[in-house]
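Everything on this sheet refers to the single structure shown next.
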Amino acid sequence: MDFVFRRLESGDDTKDFDCGKPQLNEYLSKYARQDQRRMFGVTYVAVCESKVIGYFTLATTAIPRDGLPEDMLRGIPKYNGLPAFLLGRLAVDKKCQGRQIGEHLLSKCFDYCLFIAKWTGARYVIADVENSAISWYERFGFRRIEGGRDTAWTKMLIDLEVVRTAIDHRAKSPVH
């Protein structure tokens, strides 16, 4: 399946997008462009044949130091809030699920975060994860952390140094 990644545009048709999760569908169709205009987050989409087949939203945030596991704090300055990116949402249309679109979206998110971190200095990616997707995020190294008010969602985090190391290791591997 051929698709392109890009920023959500005003003319993109999002009303037929259905990932099976009403809250994620509603965000894309009603709020993503509005948040983008207000500079509260940018939504990136995977588009195939002029249809949005997947998306993720990226913003900046800070993580309270006291919410992180002790092993992640070694060598980290004693700041109360640690700079991070917020992967607010990630979803794939039901018609395209099982084709690794989500993996490509997450990979693109990591690419963007690593690039931007060179200029802004963020260290982590935090995600608001629907509980049914926890194991999917854990496959990529995300860990559960404290926080969140909604019991249907869990806060998860990955250190960008872990992502960078994995990418560097994969690049040096003779087999990709």
- Here the residues of the range 95-127 lying in the modelled label zone of residue 79, meaning backbone nitrogen under 12 Å from a point 7 Å along Cα-to-Cβ, are 120-124
- Note on the structure: Non-local residues with an amide H under 5 Å from the amide H of residue 54, with H modelled 1.01 Å from N and Pro and chain starts lacking one, are 46, 93
- Item | Fewest-first sequence of 16, 2, 128 by Cβ atoms within 10 Å of each Cβ | 2, 16, 128
- Task: Give the order of 42, 52 when sorted by the count of other beta carbons within 10 angstrom, beginning with the fewest.
- Result: 42, 52
- Cα-based Debye curve of the chain sampled at q = 0.12, 0.13 Å⁻¹ gives log₁₀ I(q)/I(0) of -0.57, -0.67
- Note on the structure: Taking 74, 123, 7 and counting other beta carbon atoms within 10 angstrom, the fewest-first order is 74, 7, 123
- Message: Straight-line reach only, C-alpha to C-alpha below 26 angstrom: list the lysines that residue 15 could link to, leaving out same-chain residues fewer than 8 apart.
- Response: 30, 51, 94, 95, 108
- About its Cα centre, the chain carries a charge dipole, from +1 on Lys and Arg Cβ atoms and -1 on Asp and Glu Cβ atoms, whose size in debye to the nearest 20 is 300
- In a Debye calculation with equal point scatterers on the alpha-carbon sites of the range 86-176 and no solvent, what is log10 I(q)/I(0) at q = 0.18, 0.22 Å⁻¹? -0.89, -1.21
- Item | the chain: calculated mean residue ellipticity at 222 nm from DSSP helix runs of at least 4, using -39500 (n - 2.57) | -8000 deg cm²/dmol
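All of the numbers you see were taken from the coordinates with simple rules; none came from a lab. This structure is a prediction, so every number in the text was calculated from the model and none was measured. Positions of Cβ are backbone-derived with ideal geometry, glycine not excepted, and every protein chain shown enters the neighbour counts.
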